[in-house]
Ligand code: CP
Ligand code: NVA
């Protein structure tokens with residue numbers, strides 16, 4: 001039997017992803033009503049974090065607990081992974097004892113190798129290449145506030161990074177337009193752009209990309225692992241800060257999104273992230289609800 005992993009959005013059919021978004025909205029209401037719903041009683045999710053995390057860590061931990069299950073937090077340094085035990089062995093051992101594994105790591109291939117040897121579902125909690133769980137929460141947030149996302153225009157401003165890559169996949173799958181504005185040297189992976197070309201348009205100019213958009217979204221200019229490029233990136237991305245002048249070019253009802261953590265005064269101004277168009281904290285909370293829907297689908 002093949003194991004259903006969630007490595008990128010393409011691992012699930014569009015209809016299943018849409019159902020997950022609807023289910024996330026239902027589970028959110030259920031939780032807020034105080035109802036107890038524990039379909040994952042006695043189930044365990046192993047969480048392996050090779051990079052820092054606030055939202056992903058807390059949302060998976062609390063999500064599993066609310067669904068009646070539990071988590072194990074396995075930092076590479078506390079396990080034999082840090083001493084070089086092969087991922088192929090680690091995957092077979094851990095997956096023989098738990099019901100699911102969530103991994104945040106650097107090289108995407110480490111995640112796919114783990115998944116190849118795992119006997120239980122593996123969830124991508126962010127790699128250098130993709131962050132699909134973030135997109136579940138982002139789409140849930142759009143649907144809650146604006147309804148169907150099909151046909152919407154979303155402007156990505158800044159670095160063509162892992163979150164941008166998952167946005168490009170989402171644009172094709174959910175059929176919205178994604179305008180991606182980056183400095184020329186920081187465009188997203190061209191192969192991925194080609195795969196999503198019907199829905200993705202590249203721009204050098206942030207102002208052109210955001211004009212009339214329904215959502216303006218950005219992310220840090222220096223992702224985890226790129227800390228030593230901070231200064232060169234700050235210089236390269238000048239002109240790509242989402243400030244009030246840029247937001248004013250988008251639709252008057254446009255939302256501002258950011259996966260967080262945010263760096264005020266860099267990729268976004270304080271005024272925009274704290275302003276009334278910003279939905280960043282709803283997005284962050286929705287990580288919990290969207291991943292509960294995902295966990296229920298994969299593990300129940
Ligand atoms: N957005 C997001 O994944 O946040 P964390 O790095 O805090 O998990
Ligand atoms: N692009 C960022 C996202 C953090 C959630 C990073 O990889 O650090």
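The values are calculated or read from the model by the stated rules, or taken from the named source; none is laboratory data. It should be emphasised that the depicted structure is a prediction, and the values quoted were computed from it without experimental measurement. Note that each Cβ is placed from the backbone with ideal geometry, even for glycine, and that neighbours are counted across all protein chains shown.
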Among the candidates 247, 266, single out the residue that is at pLDDT 95 or above and within 19 Å of residue 152 (Cβ to Cβ). 247
Any pair with Cβ under 8 angstrom, 6 or more apart, that starts in region 214-240 at a residue that is farther than 17 Å from residue 262 by Cα and ends at one that is loosely packed, with under 14 Cβ neighbours inside 10 Å and at pLDDT 95 or above: 214/253; 236/185
Inspect all residues belonging to region 74-85 and state whether any of them is loosely packed, with under 13 Cβ neighbours inside 10 Å and under 20 Å from the mean Cα position of the chain (by Cα). no
Residues of region 140-178 being in contact with a strand residue (DSSP E or B) (Cβ under 6 Å, 6 or more places away or on another chain) and surrounded by 23 or more Cβ atoms within 10 Å (Cβ to Cβ), in sequence order, are 154, 155, 156, 157, 158, 164, 167, 168, 171, 178
So for region 234-245 (the condition being surrounded by 13 or more Cβ atoms within 10 Å (Cβ to Cβ) and either under 18 Å from the mean Cα position of the chain (by Cα) or within 12 Å of ligand 2 (Cβ to nearest atom) (or both)), does at least one residue qualify? no
Assuming residue 198 fulfils every condition listed in (1) in a loop (DSSP other than H, G, I, E, B); (2) in contact with a helix residue (DSSP H, G or I) (Cβ under 6 Å, 6 or more places away or on another chain); (3) under 28 Å from residue 144 (Cα atoms) apart from one, which condition is it? (2)
Exactly one of 204, 129, 159, 185 is within 16 Å of ligand 1 (Cβ to nearest atom), more than 30 Å from residue 90 (Cα to Cα), at pLDDT 95 or above and in contact with a helix residue (DSSP H, G or I) (Cβ under 7 Å, 6 or more places away or on another chain), and that residue is 159
Considering residues of region 9-62 that are assigned to a helix (DSSP H, G or I), over 16 Å from the mean Cα position of the chain (by Cα) and within 16 Å of ligand 1 (Cβ to nearest atom) only, the residue nearest to residue 80 (Cα to Cα): 61
